[in-house]
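Okay, structure first, notes after.
The values are calculated or read from the model by the stated rules, or taken from the named source; none is laboratory data. If you're wondering where the values come from, they're calculated on a predicted model, not measured in any experiment. Here the Cβ positions follow ideal geometry from the backbone for every residue, glycine too, while neighbour counts run over all protein chains shown.
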Amino acid sequence: MSAYDFVRKGKLNFKGSSSSSVTKKLKKKKKKRKLDREHEEKDARQIDAEQNGGWWCVSTFSEIEGSIAIEMGKGTYVYSLDTGLFTLGGPHKESAEGPAPPEQYSVIPVSDRKFCLKSGYGKYLGVDAASKLIGRAEAMGPREQFEPVFQDGKTALMACNNCFLSYNESGDIVATSKTAGSEEFINIRCNAPLVKKVKDDTPTIEKGDVNECELSYVRQNQSWQDRRVRVNQDNSEILKKARTDGNLHEALLDR
């Protein structure tokens, strides 16, 4: 045992490197695996969009905007008829073919989790007393509201009667099930840009070199009584730090 204790003393050491360097390497590998996984997910989504005419599957409510299509089964979408009823459209065999115009619906958000849908005939979608999906309403109301449910990578669409949309044997789109199973799982596809540009709300005057930025503020805010521009001669490093911290405007006013 004494010999065993002698061998076991201290931390594990790896040949050619210290334990701290090994820890750093492990962290780098873990970070790389995470980035690779995120890249693969992004690529898969982009590929899916290209295979469906630019229409991609949303996974959160915040991604829903513009026009959407409700996919029930591979390449088959909810199709609006001129009678105000709905059925399932024919399958789109071409890989790059998106939903047809009668299969596209405008989204009107009514809360942070519910929206209304408007067909190409200018009518709002809802559910009638027989739990059938219809599109005959001239205005939005509680009966025309839908709530998408996202869970475990699956999506279902709940109607105003707290039942999920599905397709029945008679060819109708109905909302009859209180629970979401394989028949109720759908894809909500959107044709908004997949990669959104982050809007830059920074005023033009606050962009560029901080010294030029300060000069612009001075010209805007000084009284100019003697027609001379007075700029603070102190070190401008504080302005660089303020820009990083997000309080550049306040720092300029202080100076």
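Structure values in brief
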| quantity | calculated |
| --- | --- |
| Residues of region 66-116 satisfying the condition of being over 18 Å from Gly171 (Cβ atoms), assigned to a loop (DSSP other than H, G, I, E, B) and hydroxyl-bearing (Ser, Thr, Tyr) | Ser95, Ser111 |
| Residue identified as assigned by TED's automatic domain parsing to the domain that holds Glu97, surrounded by 11 or more Cβ atoms within 10 Å (Cβ to Cβ) and at pLDDT below 95 among Glu214, Glu183, Glu144 | Glu183 |
| Strands (runs of 3 or more DSSP E) completely within region 121-171 that count 1 or more residues being more than 18 Å from Tyr77 (Cβ to Cβ) | 124-127, 133-137, 145-151, 154-158 |
| Scope region 230-246; condition surrounded by 10 or more Cβ atoms within 10 Å (Cβ to Cβ) and assigned to a loop (DSSP other than H, G, I, E, B); matching residues | Val231, Asn232, Ser236 |
